[in-house]
Amino acid sequence: MRIGMAERRGRIETIENVIDPGELAKAAPSELARNHIGEIEIELSQPVGADLHVQNPRTGRLVLDVAGRIAGGGLILSIDAGTDRVPETRAQDIGADRDGLIAFAARLNEHLAPLHPRERLEHFCREVAGKIVFTTSFGLEDQAILHMLRERSLDIDVVTIDTGRLFPETYALWTETERKYGHRIRAVYPRQGSVEAFVQRHGIDGFYDTVDARLACCHARKVEPLARALAGASGWIVGLRADQSDHRQETKVVAVDERGLLKFSPLFDWSRQAVQNYAEYNGIPVNPLHERGFVSMGCAPCTRAIAPGEPERAGRWWWEQDTKRECGLHSRSDAGEVAQRAAVGPTGTTTKGGSSAGA
């Protein structure tokens, strides 16, 4: 079923009030023959957004196709705002059916890995029922993925976490991106009380002082808001690539996240140069800071340009010696650990770099 620019697969549940216009008589209600009209109820594999700008958002035009051919069309009579379905293989309690979810992810990996990222996105959104969230930080990879989503008219919840400490160039790109694609990007913000508590305890830039303080800041500004952004989701689309760092080299196209959802990395096997070539070819807006050596984008105080030959993520939390360089968004063990650290206070210290502090 296609509504506007969105396309969804579905299962016909009921057929009612079928009429043969040639005879102006009711036909058998179990099927719609050629040129017949009737009312059908379709259960979609995923929710589809109604156009809220029309006078009645519960009506609109649709096109039906079978096996890639147009089979009919008509008007939407109603849209039931029921709860999102989730795939049968997704466990409500991950401890109860983690094996099933892992098996489902393995099947998706086998099916999606040979495809182009555009087709990976399309197939993932079709196969995974329920809410799917794409989180963007407006980095190069995220901009490429957003372009593919809009190119395929995939009705995905696009979210960004505004930490309050982003670069001005990132906010400008946010505006430019919304204008280009005509799509509002939903912002999720840190809880005011959590940020106030961090600043009160550690100072406005206290994340430089210890690893624990930095992780506590990341937890308040990024990890906790992400949990709210992903609430109720079955799938999570991210811009991870396997060659971004040693820590990410095991990245697969689909993995089972410890939150109990499917984590999907459509660009997992692309190089940065391949993503850059794709962005240039398609006229995708990118952050001007990339040209100045800011390869991996994050909060302004915690991101610097990298030198030639340095790993991509060397510019993130550059004063720390740990080569892992993660904030907890993609490492749940970090997230749980930092929550405890934030509660009991810092325990260890690191040496803050001097000459490399130009962020």
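Coordinate-derived values only; no laboratory data. This one's a predicted model, so the numbers in the text were calculated from it and none came from an experiment. Methodologically, a virtual Cβ is constructed for each residue, glycine included, from the backbone with ideal geometry; neighbour enumeration extends over all protein chains shown.
Here are the numbers for this structure:
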item	result
Theoretical FRET efficiency, 1/(1+(r/R0)^6), r = Cβ-Cβ of A197 and N109, R0 41 Å, to 0.05	0.50
Projected label distance in nm at A307 and H116, using a 7 Å step from Cα toward the beta-carbon	4.0
Rounded to 5, the percent of DSSP beta bridges in the range 94-344 classed as antiparallel	30
Under 9 Å, Cβ to Cβ, from D157 - net charge with Lys/Arg +1 and Asp/Glu -1	+1
Inter-probe distance in nm under a simple model that places probes 7 Å from Cα toward Cβ, at A71 and A172	5.1
Convex hull per residue volume in Å³, alpha carbons only, for the range 186-302	150
Protection-proxy order for peptides 166-174, 302-310, 254-262, 210-218, each taking the mean of Cβ atoms within 10 Å per residue, highest first	210-218, 254-262, 166-174, 302-310
Cut-off under 5 Å, modelled amide H: who pairs with T160 long-range	T136, R186, A187, V188
Rounded to whole Hz, the Karplus (6.51, -1.76, 1.60) HN-Hα couplings of the range 183-192, x for glycine and proline	9, 6, 9, 6, 9, 10, 10, x, 6, 4
Potential lengthening between I42 and R126 on full extension [0.36 nm per residue; Cα-Cα distance subtracted]	28.7 nm
